[in-house]
Each structure stands twice: as structure tokens, then as C-alpha cells.
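What follows is calculated from the coordinates using simple rules that are stated; it is not laboratory data. Fair warning: this is a prediction, and the values are worked out from it, not measured in the lab. Reconstructed Cβ throughout: ideal geometry from the backbone, glycine too, with neighbour counts over all protein chains shown.
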Amino acid sequence: MSSATTFDARVVRQSTHWTDRFAHAGLVVVALVLIAFLALPLAAILLQAFEGKSGEFAGLNNFVEYAKTPALLTSLWNSIWVSAVVTLIAVPLAFVFAYGLSRSCMPLKPLFRGISLIPLLAPSLLSAISLIYWFGNQGMLKGMMQVFGISQIYGPLGIVIAECFAVFPHALMILITALALADARLYEAADAMGTKASRKFFTITLPGAKYGLLSAALVTFTLVMTDFGIPKVIGGNFNVLATDVFKLVIGQQDFARGAVVALLLLLPAVITFSVDHYVSRKQTAMLTARAVPYRPTPSRGFDSAMAAYCSLIALLMLAMLGMAIFASFASFWPYNLTPSIRHYVLGLVDGEVAEGFVNSLKMAAGTAFFGTALVFCSAYLLEKTRGAQWLRGPVRMLAMLPMAVPGLVLGLGYIFFFNAASNPLNALYHTTALMTLCTIVHFYTTGHLTAVTALKSLDGEFESVSASLKVPWYKTFWRVTLPICTPALVDIARYFFINAMTTISAVVFLYSPETKVASIAILNLDEAGEIGAAAAMAVLIAAISAVATGVFMLLARWVDRRTQAWRGPR
């Protein structure tokens, strides 16, 4: 009896030891993937910035030459002030919209929320194309601009308006979350003391949402600073850092100065990430277990005002999308507006964008499947397994790093790293596989945070009970954790798919004629002067993204019925 007990204990210890080693091996694989496809490409940019034309160490010479180039310094200033102007316009607009959705009893809230998310379904340059049709040289409202003394939409004015449309939903989602965290007890106390509505707004609402406002402002500034599509389409002769990187690397083959500009683009993103991380910690500390959710009370005047404002913003959103759709079917703008599919045929057949859509769907599907699997498995290994503490810190840091890396910078790093003949991974260059991996890494952090949030909501008792029953962690993962977290998995997959369909900056340096994706093909059509075909292809991307969103919503409902029955009433 004693010898049998000793034997069983030895078997259990060996089994536990083996499963822990398997988990640690999984963490090592995740670390290697992030090092190879994130850390090393960024290191390649840093090395390139300090190299001369012959590959020798140049010290700070490239930075000095950049500082002596007036045109490049002008682009730096243009990027900064345009990003600041967009932030000052878009964040207040989004805040009032979020305030109406969360603090009023106006009707049609789901409709307004859905319309506000339209820019996420299309490449950012769709708004630039729409503005050209509205206010360009042959725009429908060109005369209105002349009444106000504005000569043209091309340049900073067009960039600012188009960027406000593109970044609005990003700021809105952050601000809705910030306003949803309000504690109703503060408002009840203010009402008991007879405090006016305006005073409650400035003493309770704004202080409570200040971290969300700061976070939204930082994210907006960074998105505009690093965006490539909009300045490329409607910027005209107005240069910014994002277009400078493209011209230096693709046009002039000046990789050293391109690396210097990439580092400049990386700087605001890193600052934003650092401040946002600090803000997130502060906001978490503000929440208490006794907080009471805020419920708005009906107010006819206020609700009507919020409904009118949200209707105006929604109308502007629909005007941007509607003009792109209308122009894509116009036979010959602006002389023959008869509906036809000429631009769709021109883009899909003559422009060979049909192959680009196939490539986009392949990349999006691969990003959604493999990205979701990698993100969730790595998050589970970090949060629900034990041991290998020396590895967990670096993996967590690498998982958060993509949030601070613009897609344009990441793509440039892939050129320097994977295009090197000495790199054993060189065979991946110009392949759909590498573009898929780049897209996964680019959007990795948001998926990781979603997965971590879902896993943290599960009580650690699941793992404790499994361990006491000698059940290996991977069985607990497959039978318990995975089914419970399937709604989060669907959300992560949808996020990866939509962003892979619409991304431009992350893959603009990586495609070949055989692997060109639809979003890049739109840029090429615009450069060729086929703006109607470009509008048609952008509309198709938006339509595919909308259909995909609907499919994922249906999948989420099916998943809820199959795996979330335990959440319902007993």
C-alpha cells in the first residue's frame, strides 16, 4: 500500500512537471514569434538609422543631415500641427456624441452608434476620396468653397476634414467607456444639494472623464501623425512625415533617412503609449466596488438637443459614405451621372483588383484565425499557468509593444530585416504569409488585452480545482476556459479580420505584384487618375467588412446559445 502510494505520487509529480514544461515551451514559442516579427524588425530600423551608404557606422550623421534639410523639417512641423488641429476638433465632437449616447434618453441610440462606426469598415482614404468628389476641382460643392474664400480642398484642409472622419470612432469608443464608468451616487448627492446641471457637468462629469479625454486625445494625435492613406490621396503638395517615409524609401531608395523619419514617427507613439498606460492605471484606481451605475433620466429639451446633434454627425458620416457610393456608380463624373458599373469593371477587371480582393480575403482570414489562436493561447499561458517567471515579464512587454508602433514603421522594419539576404527568413519576403504575420503583430495588443480581460474575469478556482483533481492544465483550457471565453474569441477574430481588410500602412512596403491587396490597389488606382475606380474599390471593401461584421454577429449569437447558457436565468 505504501509503495503504491509512493509510485502514484511520483507519477503525479512527473505528469505535473511535464505539463508545466509544455506550458513553458509554449511561452518560449510566443516569445520567439514576437522577437522575430516585432523586436528584430524594430532593431533593424534603429541600426539602419546609424549606418552610412556603404553600411559603415555613421553615428549621428543621418540625424544631422535630416536636421539640415528644410523640406523634411517642414514635413515634421506639418505633421505635428495637423495632428494637433484634428485632435482639437475630433475629440470634443466625439465627446458630445458619447455624452448624448450615455447620458441622455434620446431615441435611436443603437442606430447612431452603428453609423458612427462606419469609418472602421473602410480604408481611411475613403473619406479623402469622398471629399474630392464633394469639394475637389470638379466637386459637387466646389462653388460653396469659393464663397468662403477657399481655393481648394487639396492640402491641409482636406487632410484635417478627412482625418476627423477617420479617427472619430476611435475617440468615441474610448469616451463612451470613460462616461460609462460614472458613479450615480455623486449625481444623487449633487441633486440633493440642489446643484445646477452645468455645475454637475464641470465638477463631476468632466473630472470623471478626464483620463478618457486624455487617452482619446493621445490616440487621435498618434493615428493622424502616422496615417498614410489620407495625406497620399488628398494632401497634394502638402508633405507630412508618413508620405516622406514612402518617398524616401520607395522613390529615392534612401533607407538611412527613411529610418530616421521612421524613428521620428515612432517617438509620439511611444510617448502616447507611456502616458496612456499611466492614465489607465489611474483610471482603474478611481473605481470602487460600491459604485452604482448611472442611469439617465428623461429631459425633453436636453434629449432633443442631443438627438439633433447626433443626427447632424450621423448625417455627415452618411454623406461621406454616400458620396463614395454615388460617385462609384456615376458613368463619367461630373458630366454623365447615369448609374453604371463601369468603375467596378474598370477596377476589378482592367485594374486587376479582383486578384487583390482575393489576396485581401486570404490575408484577413489568416489574420483572424492565426492571430486569434496566437493571442488567446499566449494570454492563457501568461495568466493561467505558473512558473518561468523570468520569461513572463518580457513576453508581456512584447505583447504591449505593438500598440506603440505605427504600421508604417513596422512595415519599414520588415523591409530592413526580412529583405536581408543573410536572414534565414528571407524567403518570406513579398509573400502573403509575411503580410499576414505583419498584420497580426500590428494589431496584436488590442487582441491581447481583450483576451486578458476575458481570462481575468474567470475565477482562479477553476485551475485550483483542476490541479487538486490532478487534471492537466490543457484539459481545463479545452473543456472549461475555451468554451466560456468563446464570445471574446469571436470579438478578437472580428477585430483582426476588419483591420486586415482595411489596413494600408502596415503592408504598403511588403507586397509584390502577385500579393497586392485591395487597399493598396486603391492607392495605385488613385495615382493613375482613376479616382472613380478607387472609390468603387473602397466601397467594395466597406461592403465586405460590413458583411463580415454581420457574419461575426451571427456567429456570436450562435456561440452564446451553445456555450453561454449558464449565464441565463435558472
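Among the chymotrypsin sites (Phe, Trp or Tyr not before Pro) in segment 128-159, those placed in a DSSP loop whose Cβ has at most 10 other Cβ atoms within 10 Å are F148. Loop-resident trypsin sites (Lys or Arg not before Pro) (DSSP state other than H, G, I, E or B) in segment 57-129 with no more than 11 further Cβ atoms inside 10 Å of their Cβ: K68. Multiplying the residue separation of V547 and V270 by 0.36 nm and subtracting their alpha-carbon distance yields 96.3 nm. Counting 0.36 nm for each residue step from F148 to E352 and taking away their Cα separation leaves a gain of 69.3 nm.
With a ≥ b ≥ c taken as the square roots of the eigenvalues of the C-alpha gyration tensor of the chain, please select rounded if a/c is under 1.5 and otherwise prolate if a/b is larger than b/c or oblate if it is not? Because a/c hits 1.5 or more and a/b fails to exceed b/c, the chain counts as oblate. Counting pairs of Cα atoms in segment 330-399, how many percent are more than 20 Å apart? When every Cα pair of segment 330-399 is considered, 60 percent fall beyond 20 Å. When GluC sites (Glu not before Pro) are flagged only if DSSP places them in a loop and at most 15 other Cβ atoms lie within 10 Å, the longest unflagged stretch of the chain comes out as 57-351. Reducing segment 126-204 and segment 485-550 to their Cα centroids gives an inter-centroid distance of 25 Å. For E51, the residues whose amide H sits under 5 Å from its own are A58, ignoring neighbours fewer than 5 places away on the same chain, with H placed 1.01 Å from N. Its DSSP H runs of at least 4 residues, each contributing -39,500 (n - 2.57), put the calculated 222 nm mean residue ellipticity of the chain at -23000 deg cm²/dmol, to the nearest 500.
Phi angles across segment 128-138 convert, under the Karplus curve 6.51 cos²θ - 1.76 cosθ + 1.60 with θ = phi - 60°, into 3J(HN,Hα) values of 5, 5, 4, 4, 5, 6, 7, 10, x, 4, 10 Hz, Gly and Pro given as x.
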